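These notes concern the structure reproduced below.
The values are calculated or read from the model by the stated rules, or taken from the named source; none is laboratory data. Owing to the predicted nature of the structure, the values given are computational and were not obtained by experimental measurement. Positions of Cβ are backbone-derived with ideal geometry, glycine not excepted, and every protein chain shown enters the neighbour counts. For accessibility, only protein heavy atoms count, side chains too; no ligands or nucleic acids. Shrake-Rupley method; radii C 1.70, N 1.55, O 1.52, S 1.80 Å.
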Amino acid sequence: MTNDDVPIGRRVARWRVRRSMTQQMLADRLRRSKSWVDKVERGVRALDRYSVIQELAHVLRVDPEVLLGQARSTPAGTPEGVDDIRAALARYDTPQASEQTEELRRQVGYAWLSYQHAHYGQLVRVLPRLLDAVQGARSPELLVQSYRITSSLLVKLGEADLGWLAADRAMSAAGDNPILAATAAISVAQALRASNRDRLALTAALTAANRITPTPAHRDHEVDGPSEDQSDRQPHDHRGGGRGEPQRSAGEWAVGGTLLLQAALAAAGCGESRRADELIDRAAGIAAGLRGYDDMHHTSFGPIAAKLARVVVAAQRGDAGEALQRHSTLVRREAWRRLPAEYRGAYLVDVARAYLQMGDVRGAARALVDADSVAPAEVRCRPLARTVIADVARAQPAPAGVARLANLVGLTR
């Protein structure tokens, strides 16, 4: 039996014995009865209140996470090194390239993997040197990708304005390349939204989307979006962009679809719910026509992304019931499990907020615990997640499942 399999009552008994305390002694320090302690240790009485677990942990001189059987594997709080990234962005004495382009490409690929697996502490350490290297190499593609990764990470860590700077650098590095500029615009929109500049984010994302994806003359799919298994639509990489328009690859269509989803989220932030739905409809139409592209632009776009955006938009407009109904079906799909850990973790934090809108504290706690199991850094390193944890932890009684998370992010100290 692993430590996680041991009932919490048995852990209480073990630590009581280690502290050379009798049941009566523990009861006296807790100002409870010996019978209460005995029932807890035998599992007759459930420990399902955050405050009680914290009190027990204090008397037994252990962290609440120890009683809950959860090892601390991912450090909490903003990873050290953000100042080094800031210094790298502020450096204008561009060094000469010291590494071959292929080696830099490999390093950029490694940075993307670190981001998608939510290894944020590792990425913070890697990025300063990578930014120096790609600035010296002067490759527009590698510069845009590196600035995009940097911007996305900084937004996660609550440094939205610095993330905006990195995204703007990506736009500058893209030059006249329309696809690189479109991918950079994704980061611009994300940073603007994180800075509560939704109107600017909507303009930036929609302008970029309309440059590379044609605006439909009429709607050819239901409001709820196309099903994920539609096969009657021709894949987009076999379509031209319309009369006089260049043909787009599937990856380029995915960039356009991602921009439309960013625009939809920004529209919802502006209170334009109908417009947000229409933009998601456009994105869903694009997603329905994509087949097996390699996601070289790192968008994670597809039918499931459009459906998850519908959940977030519904929650933003106050329709938490609709959002959670959609959510419960989506997370059972195989397409959900194929999304990067970072994507799923961030989405689950948004779902926790929707549960709180409904007054369902236990549902919010479950979403947070699920997010932590998928991508621990999403919950432990992001200020946004910390706020949600604090809201759940304030409930009376607070669900026991958030005790470990609250302790990890410093809310119990």
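Key figures
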read-out: Whichever lysines have a C-alpha closer than 24 Å to that of LYS307, once near sequence neighbours (fewer than 8 apart) are set aside; value: LYS156
read-out: The chain, accessible area per residue, ligands and nucleic acids excluded (1.4 Å, Å²); value: 46
read-out: SER328 versus GLN396: modelled label distance in nm, points set 7 Å from Cα along the beta carbon direction; value: 3.0
read-out: Nearest-0.05 FRET efficiency for ASP360 and ALA335, computed from C-beta distance (R0 25 Å); value: 0.50
read-out: C-alpha long axis of helix 101-116 to longest principal axis of the chain, angle in °; value: 50
read-out: Inter-probe distance in nm under a simple model that places probes 7 Å from Cα toward Cβ, at ARG32 and SER172; value: 6.0
read-out: Potential lengthening between ALA87 and ASP132 on full extension [0.36 nm per residue; Cα-Cα distance subtracted]; value: 15.2 nm
read-out: Potential extension, ARG291-SER249 segment - 0.36 nm per residue separation minus Cα distance; value: 14.0 nm
read-out: Protein accessible area in the chain, 1.4 Å probe - carbon and sulfur %; value: 47
read-out: Label-to-label distance, nm, for residues given as GLN24 and THR203 (7 Å Cα→Cβ offset); value: 7.6
read-out: Computed [θ] at 222 nm, deg cm²/dmol, the chain (DSSP H ≥ 4; -39,500 (n - 2.57); rounded to nearest 500); value: -20000 deg cm²/dmol
